[in-house]
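The values are calculated or read from the model by the stated rules, or taken from the named source; none is laboratory data. Just so we're clear, the structure is a prediction, and the values are computed from it rather than from any experiment. Ideal geometry is used to build each Cβ from the backbone, glycine not excepted, and the neighbour counts take in all protein chains shown.
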Ligand code: NDP
């Protein structure tokens, strides 16, 4: 039985902690550490009530490598699951290298002062992890995460060559708040207000933020306006599947969400440039985060479903093949199960499954890898078992054609 240390006690951290607690044969001992210890304690109390398991808790500032090293050394986990914020990825990876433990996260590194996310910073750790005989698995949430595994599964079982990939992400849930983000507001708003980007004919093409959009029909949800965004898994997927001629990511937003976002942008509230306010320096987006609801607080009364999947075109036995694989997750059902909302749930379950496969040696290696580089089969086998059943349509009609503009 293994020991796991989870860093981050937000919406996703709560799901990871509960799901690890639900699998005592693999996760023998669990430590949940985060900036605010009381949040860890509340999650531990809930997991104890549901599963009768004890989760240890600790306060930790994971921006501080020495503090993180000291906590890892005192608990001696086999691996760290990082579900704090992307800002902490590198400091936590440094601490794992120093203490000799494996690493997994769900979002790629972002510097605090530039709204830019890419894998270069973390891929640069490849040699150091390899030399130490350690494994780092990057981006093991839903998107990135399951979307990469879905793509690898499609490539392995349904295609000789995959050529067109559209990742479609819909949250058709209603939390009843005028405006809230489903994961960390700062990270979410930085992602959405950036230029869009997609891969086509061996090059990245840029768009204005939310410039390209269209209705997409989601299973069990219906048609929802979906906006083309840059999303981090596109970067690793076009590298790991070089036959892709086009790769895009689409996400739904309601009119109401976009209107709020536009107003907040227009008045400067989404800026990450520090300003002086009554003699102190504040970052408007960080202040906005402080007044918005926390993602982990949205679960109660949230109803409706998320629907996320991959639509793929390519070749099989010399003929055109289409494939759609997806999961729908119900907000109310996961609230009933562990007090979560579906966006946190769909991120936390895959993080736990990735960790489980690492600890069982089914996902192994030395170095830094993205999820699509591993065997997708054991991951797909566990998804339904831990609450995220998936469905596939082989040879059906897709929302996008191969040669659309
Ligand atoms: P939350 O804001 O709910 O939680 C983040 C947690 O990290 C908080 O508990 C916060 O502490 C803690 N934290 C922040 N800074 C530090 C620090 N320096 N040291 C220790 N702990 C810290 O966010 P979510 O749970 O919604 O998201 C967590 C991660 O999951 C993010 O990286 C997000 O990008 C990623 N994500 C990935 C998805 C995917 O599908 N791949 C989808 C959704 C999210 P405090 O409570 O004190 O602020």
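What residue, among those in the stretch 89-108 that are within 10 Å of the ligand (Cβ to nearest atom) and part of a loop (DSSP other than H, G, I, E, B), is surrounded by the fewest Cβ atoms within 10 Å (Cβ to Cβ)?
Within the stretch 89-108, the match that is surrounded by the fewest Cβ atoms within 10 Å (Cβ to Cβ) is 108.
For residues that are out of contact with any strand residue (DSSP E or B) (no Cβ under 6 Å at 6 or more places or on another chain) and within 13 Å of the ligand (Cβ to nearest atom), scanning just the stretch 73-88, find the one that is farthest from residue 2 (Cα to Cα).
Step one: of the stretch 73-88, the residues out of contact with any strand residue (DSSP E or B) (no Cβ under 6 Å at 6 or more places or on another chain) are 73-74, 76, 83, 85-88.
Now drop any that are not within 13 Å of the ligand (Cβ to nearest atom), which leaves 83, 85-88.
On the way: 83: 19, 85: 24, 86: 25, 87: 27, 88: 24 Å.
Here the residue is 87.
Can you spot a residue in the stretch 15-27 that is within 10 Å of the ligand (Cβ to nearest atom), under 22 Å from residue 295 (Cα atoms) and at pLDDT 95 or above?
Yes, some residue in the stretch 15-27 is within 10 Å of the ligand (Cβ to nearest atom), under 22 Å from residue 295 (Cα atoms) and at pLDDT 95 or above.
Among the residues of the stretch 33-72, which ones are in a loop (DSSP other than H, G, I, E, B) and either within 14 Å of the ligand (Cβ to nearest atom) or at pLDDT below 95 (or both)?
35, 36, 60, 61, 62, 63, 64
Just for the stretch 161-189: of the residues that are within 16 Å of the ligand (Cβ to nearest atom) and farther than 16 Å from residue 258 by Cβ, which one is surrounded by the fewest Cβ atoms within 10 Å (Cβ to Cβ)?
187
Going by the structure shown, is residue 152 closer than 20 Å to residue 240 by Cα and in contact with a helix residue (DSSP H, G or I) (Cβ under 6 Å, 6 or more places away or on another chain)?
Spelling it out, residue 152 is indeed closer than 20 Å to residue 240 by Cα and in contact with a helix residue (DSSP H, G or I) (Cβ under 6 Å, 6 or more places away or on another chain).
Write out, first by first residue and then by second, each pair whose Cβ atoms fall under 6 Å of each other, whose residues are 6+ apart or on separate chains, and whose first residue, in the stretch 4-18, is on the phi > 0 side of the Ramachandran plot while the second is part of a loop (DSSP other than H, G, I, E, B) and within 6 Å of the ligand (Cβ to nearest atom).
8/83; 8/84
Surrounded by fewer than 19 Cβ atoms within 10 Å (Cβ to Cβ) and either at pLDDT below 95 or over 19 Å from residue 241 (Cβ atoms) (or both), is that true of residue 307?
no
Please indicate, with yes or no, whether at least one residue in the stretch 378-388 is surrounded by fewer than 22 Cβ atoms within 10 Å (Cβ to Cβ) and part of a strand (DSSP E or B).
No, the stretch 378-388 contains no residue that is surrounded by fewer than 22 Cβ atoms within 10 Å (Cβ to Cβ) and part of a strand (DSSP E or B).
Among the residues in the stretch 244-254, are any more than 24 Å from residue 180 (Cα to Cα) and surrounded by fewer than 16 Cβ atoms within 10 Å (Cβ to Cβ)?
No, the stretch 244-254 has no match at all.
Residue by residue, here is whether (1) under 30 Å from residue 163 (Cβ atoms); (2) within 16 Å of the ligand (Cβ to nearest atom); (3) not in a strand (DSSP E or B) holds:
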| position | (1), (2), (3) |
| --- | --- |
| 210 | yes, no, yes |
| 223 | yes, no, no |
| 238 | yes, no, yes |
| 249 | yes, yes, no |
| 259 | no, no, yes |
| 262 | no, no, yes |
| 269 | no, no, yes |
| 288 | no, yes, yes |
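Consider residue 129 carefully, then state whether it is assigned to a helix (DSSP H, G or I) and either in contact (Cβ under 8 Å) with a residue 12 or more places away in the chain or away from the ligand (no atom under 16 Å from the Cβ) (or both). Give the derivation first.
Details: assigned to a helix (DSSP H, G or I): yes; either in contact (Cβ under 8 Å) with a residue 12 or more places away in the chain or away from the ligand (no atom under 16 Å from the Cβ) (or both): yes.
Considered against the rule, which asks whether it is assigned to a helix (DSSP H, G or I) and either in contact (Cβ under 8 Å) with a residue 12 or more places away in the chain or away from the ligand (no atom under 16 Å from the Cβ) (or both), residue 129 comes out as yes.
Of the residues 315, 285, 298, 359, only one is surrounded by 18 or more Cβ atoms within 10 Å (Cβ to Cβ) and touching a strand residue (DSSP E or B) at 6+ places or on another chain (Cβ under 7 Å); which?
359
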